[in-house]
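Student: Questions regarding the structure given below will be posed in turn.
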Amino acid sequence: MKVVMIGSGNVATVLSRLLIKNNHSIVQVISRNIDHARVLADELNVNYSDLTGQPDESADMIILAVSDFAIMEGLPHMHFNNKLIVHTAGSVSKEVLKDLSSNYGVLYPLQSLVKDAAIIPEIPFLVDGNEEQVIACLEDFAGTLSPIVQRVNDENRLKLHAAAVIVSNFTNHLFSIAEKFCNTENVDFNMLKPLIMETAHRIQHASPSQLQTGPAVRKDIQTLDKHLRILVNHPKLRTTYLRLTDSIMNP
């Protein structure tokens, strides 16, 4: 399939590479920042434009891979000629595209994508469209990119997006504050990395609720008290510890 990629950041870059790897073609890169468009276009050896340009008419699909708040920025003047246009956002309704084309939908990569990563991770795709023919087309297209594809409407995609923030962004934040605590207390955060990997690995085979371990689930008050005394000089972390402990003890 021939694709115009609107965007030049992490999602646009990784998706462009994934499309080419799976025998699709990028015919044009369009970005608000012409210099960023040039960098991605040079990598892909295709034409590029800023938002004053028009999408290449040879394209079969327009992929809008930009930040949520920028989805409609600079697009109304473009002529899409009822080509299939999709956005890649988790928390934005497909209906924001209804005035741009009679064929529109969502191709949401449920993954944290970083263009500087050495490899492209496995990416589940959530697809949706304004009619059955569009959904089927996106389902088939996404199936060429990933073995994990689901039809998900706006409401359920938003729910999965919220859950994704919890399991990825919130979890990474806990890693960050644990690292800060270790550095402050002169202990080696690297010693925790095998534990982090093992914890993530286990949920591939069982429900997280069945795998919960630690002093909170055991209601080990003595150990919890020792931890809280250790954290007395870290009030924000102590508060986080207390709230998470309560959540585990009182699910």
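Student: Suppose we filter Ala12, Ala70 for residues that are closer than 23 Å to Asp128 by Cβ and crowded, with 17+ Cβ neighbours inside 10 Å; which single one remains?
Tutor: So the residue among Ala12, Ala70 that is closer than 23 Å to Asp128 by Cβ and crowded, with 17+ Cβ neighbours inside 10 Å is Ala12.
Student: Quick one: count up the residues across the stretch 88-132 that are free of Cβ contacts under 8 Å to residues at least 24 places away in the same chain and closer than 22 Å to Pro147 by Cα.
Tutor: Result for the stretch 88-132: 6.
Student: Okay, moving on. Give the stretch 124-136 a look and list any residue that's β-branched (Val, Ile, Thr) and either within 15 Å of Ala89 (Cβ to Cβ) or touching an Asp or Glu at 6+ places or on another chain (Cβ under 6 Å) (or both), or say none.
Tutor: The answer is Val127, and nothing else.
Student: Given the criteria loosely packed, with under 13 Cβ neighbours inside 10 Å, among the small types (Gly, Ala, Ser) and at pLDDT below 95, does Ala162 qualify?
Tutor: For Ala162, the condition - loosely packed, with under 13 Cβ neighbours inside 10 Å, among the small types (Gly, Ala, Ser) and at pLDDT below 95 - is not met.
Student: Right, another one. Among the helices (runs of 4 or more DSSP H) lying completely within the stretch 153-203, list those that include at least 3 residues that are assigned by TED's automatic domain parsing to the domain that holds Leu231 and under 30 Å from Ile135 (Cα atoms).
Tutor: Numbers: elements: 154-164, 171-184, 193-202.
Per the criteria, 154-164.
Student: Sticking with this structure for a sec: Name the single residue that is farthest from Phe125 (Cα to Cα) among those in the stretch 9-35 being hydroxyl-bearing (Ser, Thr, Tyr) and touching an Asp or Glu at 6+ places or on another chain (Cβ under 9 Å). Before you say what the answer is, go through the steps one by one.
Tutor: Here is the first cut: in the stretch 9-35, the ones hydroxyl-bearing (Ser, Thr, Tyr) are 13, 16, 25, 31.
Narrowing further to those that are touching an Asp or Glu at 6+ places or on another chain (Cβ under 9 Å): 13, 16, 31.
On the way: Thr13: 16, Ser16: 15, Ser31: 23 Å.
The extreme case among them is Ser31.
Student: Let me ask something else. Suppose we filter the stretch 34-70 for residues that are at pLDDT 95 or above, closer than 12 Å to Met5 by Cβ and among the aliphatic types (A, V, I, L, M); how many remain?
Tutor: Residues flagged as at pLDDT 95 or above, closer than 12 Å to Met5 by Cβ and among the aliphatic types (A, V, I, L, M) within the stretch 34-70 amount to 11.
Student: Do any strands (runs of 3 or more DSSP E) entirely within the stretch 64-147 hold 2 or more residues that are over 27 Å from Thr52 (Cβ atoms), and if so, which?
Tutor: Correct list: 104-109, 125-129.
Student: Here is a further query. Go through (1) out of contact with any Asp or Glu (no Cβ under 6 Å at 6 or more places or on another chain); (2) farther than 27 Å from Glu155 by Cα one by one and return the number of the condition Met1 breaks.
Tutor: (1)
The values are calculated or read from the model by the stated rules, or taken from the named source; none is laboratory data. Everything numeric in this text was worked out from a predicted model, so none of it was measured. As a convention, Cβ positions derive from the backbone with ideal geometry for all residues, glycine included, and neighbour counts pool all protein chains shown.
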